[in-house]
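Undergrad: One structure, as structure tokens, below. Some questions next.
The values are calculated or read from the model by the stated rules, or taken from the named source; none is laboratory data. Predicted model only: the values in this text are computed from it and were never measured. In this analysis, Cβ positions are derived from the backbone assuming ideal geometry, glycine residues included, and neighbour counts consider all displayed protein chains. Accessible surface is based on the protein model in full, side chains and every heavy atom, while ligands, DNA and RNA are left aside. Shrake-Rupley method; radii C 1.70, N 1.55, O 1.52, S 1.80 Å.
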Amino acid sequence: MHPPEVAEARSDERGGEPAPAPRARRAPAVFAVALLLVLVQLAWRAWLLRDAYFFGDDLTLTGKAADTGLTLEYLLHPHAVHVMPVSLAVVWIVTALDPYNWTLAAASLVLMQAGASLAVWRMLTVVFGRRPGLLVPYAVYLFTPLTVPAFHWWAAGIQTLPFQAAIAMSVASHVTYLRRRRARDAVATCAWFLLGLGSFHVKAALAIPLVLFGITLLYFARGRPLRALRRDARALAAYALLPVLYSLLLIVQFGEVTQEARAPSGEQFASFAAGLLGVTFPTVAVGGPGSWFSVMASPPPALIALAWTVIAALVLGTLWARRGSWRAWLLLALYLPLVDLAPVVLGRGEVLELAREVRYLADSAPVLALVLALATLPLSGETRPYRREAPPRPALARAGYAALALAVTAFAAFSALSANRYVTGLARERVPVESYLTAARATLAAAPPGTDLYPQRLPGSVLVFGLLDEDFSHRTISPLAPPELAALMRHPRPTSRPMVLDATARRLVPATVMGGFAVPRGTACFPADGGVIELPLAHGDRLDVLKLTYRASLPTAALVRPQGAAPGEGETEISFEQGEHEIYLPLSGPESKKIRIEVLTPEAAVCVTAAVNGTVVPR
């Protein structure tokens, strides 16, 4: 591509100062329309959240935020496979204000969407200047269903929305750098890159360098890519090194922060790629999918065919009319498999149903808007962008504008239909979560002081796949409790009367333990050797609850820990009462095949008659 030539301003017919070019005169009106579109989008997005609620990882993230201060360790601690300090900061602020307040969480999503939308407008105007034609790709970004599923789920939205803003603003800063060669613009690009890394580390490390290098080599190399690499070597090297240094810092500080990649079979890879890039992306990019199965896109075959027809017509039409439009489509063809397909297929490619989850494609929305603009509009200052200029026929031009307006309106209407069907279908799934948390808030507020509320798994209708320690009630539900009770929930103590929430969270009920069970063989008591009793119960690397049935001749203290643990490691001090009783205690520490009890009063005879180690459930 030849260097763009900037047209000079025309002289005013009456003489004197140059008159503003028509595009400059239209710029305020274009911005006003863009701002109106943003306000419509935000109102629409707020409406989509009307029946949404916390779900899944939202509970885990809130529990973590309530249990710590806004420290660097908290911000940089990995959640699943993600290091996302920007997102965790949002969670901490909302939780500190009022945990599980959906109005606050929804407001954070709308505010971040406003920032991302304005960032995309900034990107488009920097690259192309303020021109009416920008409103079409901008409307595609604002109203595409590509971003709706991630926006609708708080845990996903707080990742993808800052990431979208980071993509857009890094492009705007980098293009400014390429035109002006100011170091501060390259520094600004790195700062926006850090925002992306702090929001969605794995994807940002791939996406932003790819887009920045692609724009540099495809649009600003002047036909000499090697020369462009040498000319912009410092800035490009900074963009390449930044994610490497960021990742190394995290690994040095916290160890491995990503899950092990599991390469799927060739057949699995092909099926996943066909689903994500062959069905999900094209149908949603044109406003679909029209129908959903829970969170998965379920477009009819006719829509798949129509989507590919529209995309093929758009690509061929731009290749015919716009010089160099192949560069735009090449950028998108590289972005989708490298950024949106590769990380997902390497981590979860064995689950083919995930290829229909649209949230994995949310970050492609600002890139899609950029590509549509690159394929159809001239860059700011570019001359002779089209192979064929439109004939000066006002009637034909008006007909073309009307057809374009009709197409955009149809896209927006179909997008609204698809989005509404998505949120309506999920509303039923959110009702049990909201009912449970609302009831839990009231129940915990009315709990007697000193209640020993033990960690329990939440019902499957409330927290799906909540099998980790951090998903249990002592983390996820404790933010709703008064401070004293919340502290007891997070750090449960040995007790003879543990309590748990019932299935509806409307009552506190006595608890028992379900898990591995052991009784003495051929004798009434487990053998004691020098005051040490060993129970043949396995303990995993998790939070267990141990229930002991015993009788004691005298009151005495004892130390309980997994066998093989060092003194003090995973150790809990308990008190045996005189007579026959039960006692419950949380058990942590390393994995072991036995549990060790050390009685601290030698003259006290303690007979443990039964033991259960596992998780608590309502009695």
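Undergrad: How about the stretch 24-129: which helices (runs of 4 or more DSSP H) wholly inside it have at least 2 residues that are in the same structural domain as residue 344 (by the TED database) and closer than 23 Å to residue 462 by Cα?
TA: On the way: elements: 57-66, 72-76, 85-97, 102-128.
Result: 57-66, 85-97, 102-128.
Undergrad: Look at residue 473 and say whether it is free of Cβ contacts under 8 Å to residues at least 40 places away in the same chain, open to solvent by less than 10 Å² (accessible area, probe 1.4 Å) and closer than 30 Å to residue 560 by Cβ.
TA: yes
Undergrad: In this structure, does residue 458 turn out to be under 30 Å from residue 581 (Cβ atoms) and touching a strand residue (DSSP E or B) at 6+ places or on another chain (Cβ under 7 Å)?
TA: On the way: under 30 Å from residue 581 (Cβ atoms): yes; touching a strand residue (DSSP E or B) at 6+ places or on another chain (Cβ under 7 Å): no.
Against the criterion (under 30 Å from residue 581 (Cβ atoms) and touching a strand residue (DSSP E or B) at 6+ places or on another chain (Cβ under 7 Å)), residue 458 does not qualify.
Undergrad: Is there a residue being hydroxyl-bearing (Ser, Thr, Tyr), at pLDDT 95 or above and surrounded by fewer than 24 Cβ atoms within 10 Å (Cβ to Cβ) anywhere in the stretch 140-148?
TA: No, the conditions are met nowhere in the stretch 140-148.
Undergrad: Hey, could you check the stretch 95-120 for residues that are in contact (Cβ under 8 Å) with a residue 24 or more places away in the chain and farther than 30 Å from residue 175 by Cα and say which is surrounded by the fewest Cβ atoms within 10 Å (Cβ to Cβ)?
TA: 96
Undergrad: Kindly indicate whether residue 509 is part of a strand (DSSP E or B), in contact with a Pro (Cβ under 7 Å, 6 or more places away or on another chain) and farther than 23 Å from residue 65 by Cβ.
TA: Here the answer is yes, as residue 509 does meet what is asked.
Undergrad: Quick check on the stretch 37-58. Is at least one of its residues open to solvent by less than 40 Å² (accessible area, probe 1.4 Å) and closer than 21 Å to residue 198 by Cβ?
TA: yes
Undergrad: Just to be sure, is residue 321 among the aliphatic types (A, V, I, L, M), assigned by the TED database to the domain that holds residue 422, surrounded by 15 or more Cβ atoms within 10 Å (Cβ to Cβ) and at pLDDT 85 or above?
TA: Yes; evaluated as a whole, the condition is true for this residue.
Undergrad: What are the residues in the stretch 526-556 that are part of a loop (DSSP other than H, G, I, E, B), at pLDDT below 90 and open to solvent by less than 30 Å² (accessible area, probe 1.4 Å), if any?
TA: Passing the criteria: 531, 537, 540.
Undergrad: Exactly one condition in (1) outside any helix (DSSP H, G or I); (2) touching a strand residue (DSSP E or B) at 6+ places or on another chain (Cβ under 7 Å); (3) crowded, with 18+ Cβ neighbours inside 10 Å is not met by residue 485; state its number.
TA: With (1) outside any helix (DSSP H, G or I); (2) touching a strand residue (DSSP E or B) at 6+ places or on another chain (Cβ under 7 Å); (3) crowded, with 18+ Cβ neighbours inside 10 Å applied to residue 485, the lone miss is (1).
Undergrad: I'd like to check something: does the stretch 308-316 contain any residue that is surrounded by 19 or more Cβ atoms within 10 Å (Cβ to Cβ) and in the same structural domain as residue 413 (by the TED database)?
TA: Checked the stretch 308-316: no residue is surrounded by 19 or more Cβ atoms within 10 Å (Cβ to Cβ) and in the same structural domain as residue 413 (by the TED database).
Undergrad: So, one more: Answer yes or no as to whether residue 446 is among the small types (Gly, Ala, Ser), over 30 Å from residue 133 (Cβ atoms) and surrounded by 14 or more Cβ atoms within 10 Å (Cβ to Cβ).
TA: no
Undergrad: Another one. Test of understanding: among 186, 221, 204, 228, which residue is open to solvent by less than 30 Å² (accessible area, probe 1.4 Å) and outside any helix (DSSP H, G or I)?
TA: Result of the check over 186, 221, 204, 228: 221.
Undergrad: Name the single residue that is nearest to residue 183 (Cα to Cα) among those in the stretch 208-260 being among the polar types (S, T, N, Q) and at pLDDT below 80. Give the steps one after another, and end with the answer.
TA: Step one: of the stretch 208-260, the residues among the polar types (S, T, N, Q) are 216, 247, 253, 258-259.
From what's left, at pLDDT below 80: 253, 258-259.
Values: 253: 30, 258: 33, 259: 36 Å.
If we take residues in the stretch 208-260 being among the polar types (S, T, N, Q) and at pLDDT below 80, then 253 is nearest to residue 183 (Cα to Cα).
Undergrad: Here's a follow-up. Which residue pairs have Cβ atoms closer than 6 Å, lie 6 or more positions apart in sequence or on different chains, and pair a first residue in the stretch 145-170 that is without any contact (Cβ under 8 Å) to a residue 60 or more places away in the chain with a second residue that is open to solvent by 10 Å² or more (accessible area, probe 1.4 Å)?
TA: 161/112; 165/115; 166/192; 166/195; 169/192; 170/192
Undergrad: Taking the stretch 121-138 as the search range and keeping residues that are of a type in the set (A, V, I, L, M) and open to solvent by 10 Å² or more (accessible area, probe 1.4 Å), which one is farthest from residue 357 (Cα to Cα)?
TA: 126
Undergrad: Across the stretch 489-501, what is the total count of residues that are open to solvent by less than 30 Å² (accessible area, probe 1.4 Å) and part of a helix (DSSP H, G or I)?
TA: Matching residues across the stretch 489-501 total 1.
Undergrad: Restricting the search to the stretch 486-498, which residues are of a type outside the set (Ser, Thr, Tyr) and either over 34 Å from the mean Cα position of the chain (by Cα) or at pLDDT 95 or above (or both)?
TA: 493, 494, 497, 498
Undergrad: Among 504, 523, which is under 29 Å from residue 68 (Cα atoms), outside any helix (DSSP H, G or I) and not hydrophobic (A, V, I, L, M, F, W, C)?
TA: Selected residue: 504, the only one of 504, 523 that is under 29 Å from residue 68 (Cα atoms), outside any helix (DSSP H, G or I) and not hydrophobic (A, V, I, L, M, F, W, C).
Undergrad: From the list 330, 303, which residue is at negative phi and open to solvent by 50 Å² or more (accessible area, probe 1.4 Å)?
TA: Of 330, 303, the one residue that is at negative phi and open to solvent by 50 Å² or more (accessible area, probe 1.4 Å) is 330.
Undergrad: Within the stretch 292-301, is there a residue that is in contact with a Pro (Cβ under 8 Å, 6 or more places away or on another chain), free of Cβ contacts under 8 Å to residues at least 24 places away in the same chain and not in a helix (DSSP H, G or I)?
TA: The answer is yes, given that some residue of the stretch 292-301 is in contact with a Pro (Cβ under 8 Å, 6 or more places away or on another chain), free of Cβ contacts under 8 Å to residues at least 24 places away in the same chain and not in a helix (DSSP H, G or I).
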